[in-house]
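The values are calculated or read from the model by the stated rules, or taken from the named source; none is laboratory data. Model, not experiment: these values are computed from the prediction. As a convention, Cβ positions derive from the backbone with ideal geometry for all residues, glycine included, and neighbour counts pool all protein chains shown. These accessible areas exclude ligands, DNA and RNA; they are computed on the full protein's heavy atoms, side chains included. Shrake-Rupley method; radii C 1.70, N 1.55, O 1.52, S 1.80 Å.
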Amino acid sequence: MDVEVQIPKGLLNKIVDAGIKMYPKEYGGFLIGFYSEDFKTLHITETILPSEYRNSKYSFERSAKGIKGELKRLYSLNPKQHYVGEWHTHPDNSTQFSITDLNAMIEIAECKTVGINNPTLMILSINKSRLNDFEFYVYNDKKLLRYE
């Protein structure tokens, strides 16, 4: 995928800290951002942490409860910002997506109320004290493609 993803170091640290806090269980949230005018750069600007979720060592399911109000608030601060995808951790594991991850992205892309055809997925490999690695994927035509 020939789109560059930019995420500020402070925001990446915020996401990593939230994931480590939930270690050894998976955790995640919503990615907020915008594309450049030429659609060659995705700027990740914020994350929204879910108010309700279920998680275990190998799974994470979040609720969208409360997301609408938070999205409106962020949009009022910067009208270019909108929901661009999801992130979650893989504690003591790789950044490779699972079939569950792919199916979740298919659901998001096909959901009429979400209104995004190509959501982004960020997977972070963490341990109890640090980030090991992270990877961005974009959903396209029932596939997750790694951002290069």
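Just check the stretch 4-146 against the gyration tensor rule for me: Cα atoms, a ≥ b ≥ c as the square roots of the eigenvalues, rounded for a/c under 1.5, and otherwise prolate or oblate depending on whether a/b exceeds b/c. Working shown, then result.
Details: a/c = 1.37, a/b = 1.29, b/c = 1.06.
Rounded, since a/c falls under 1.5.
Give the cross-link partners of residue 72 among the aspartates and glutamates, using a straight C-alpha distance below 14 Å as the criterion and excluding same-chain residues fewer than 8 apart.
List returned: 46.
In Å², what does the accessible area per residue of the chain work out to with a 1.4 Å probe?
Values: 8470 Å² over 148 residues.
About 57 Å² of surface per residue is accessible.
Starting from 0.36 nm per residue, how many nanometres of slack lie between residue 52 and residue 22 once their C-alpha separation is accounted for?
Values: separation 30, 0.36 × 30 = 10.80 nm, distance 1.37 nm.
Extra length available between residue 52 and residue 22 comes to 9.4 nm.
Note the full-extension length gain between residue 129 and residue 41 as 0.36 nm times their separation in residues minus their Cα-Cα distance, in nm to one decimal.
Numbers: separation 88, 0.36 × 88 = 31.68 nm, distance 3.06 nm.
Once the chain is fully extended between residue 129 and residue 41, it gains 28.6 nm.
How much length is gained on full extension from residue 11 to residue 145, taking 0.36 nm per residue of separation minus their Cα-Cα distance?
Working: separation 134, 0.36 × 134 = 48.24 nm, distance 2.29 nm.
Taking 0.36 nm per residue and subtracting the Cα distance, the gain is 45.9 nm.
I need the chymotrypsin sites (Phe, Trp or Tyr not before Pro) found in the stretch 1-98, filtered to DSSP loop residues with at most 14 other beta carbons within 10 Å of theirs.
Working: sites: 27, 30, 34, 35, 39, 53, 58, 60, 75, 83, 87, 97; in loops: 27, 39, 58, 97.
Passing both the DSSP loop test and the Cβ count: 39, 58.
Putting +1 on Lys and Arg Cβ atoms and -1 on Asp and Glu Cβ atoms, find which of 27, 87, 104 reaches farthest to the positive end of the dipole of the chain.
27
Rounded, prolate or oblate, given the Cα gyration tensor of the stretch 96-148, with a/c below 1.5 counting as rounded? Display every interim value, and only then the final one.
Working: a/c = 2.44, a/b = 2.10, b/c = 1.16.
Since a/c reaches 1.5 and a/b is larger than b/c, the shape of the stretch 96-148 is classed as prolate.
Would you list, by chain and number, the aspartates and glutamates whose Cα falls below 18 Å from the Cα of residue 25, excluding same-chain residues fewer than 8 positions away?
Leaving aside aspartates and glutamates fewer than 8 places away in the same chain, those within reach of residue 25 are 17, 52, 61, 86, 92, 101, 133.
Can you give me the % of accessible surface on the chain that is carbon or sulfur? Probe 1.4 Å, all protein chains present, nothing else counted. Could the numbers behind the result be given before it?
Details: 4400 of 8470 Å².
Summing carbon and sulfur atoms, their accessible area is 52 percent of the total for the chain.
Over the chain, calculate the relative contact order: mean separation of alpha carbon pairs under 8 Å at least 6 apart, over the residue count, as a percent.
On the way: 292 pairs, mean separation 36.5, N = 148.
For the chain, the relative contact order is 25 percent.
How charged is the neighbourhood of residue 39? Take every other residue with its Cβ under 15 Å from the Cβ of residue 39, and add Lys/Arg as +1 and Asp/Glu as -1. Numbers along the way, then the final one.
On the way: positive: 40, 80; negative: 2, 4, 37, 38.
With Lys, Arg at +1 and Asp, Glu at -1, the net is -2.
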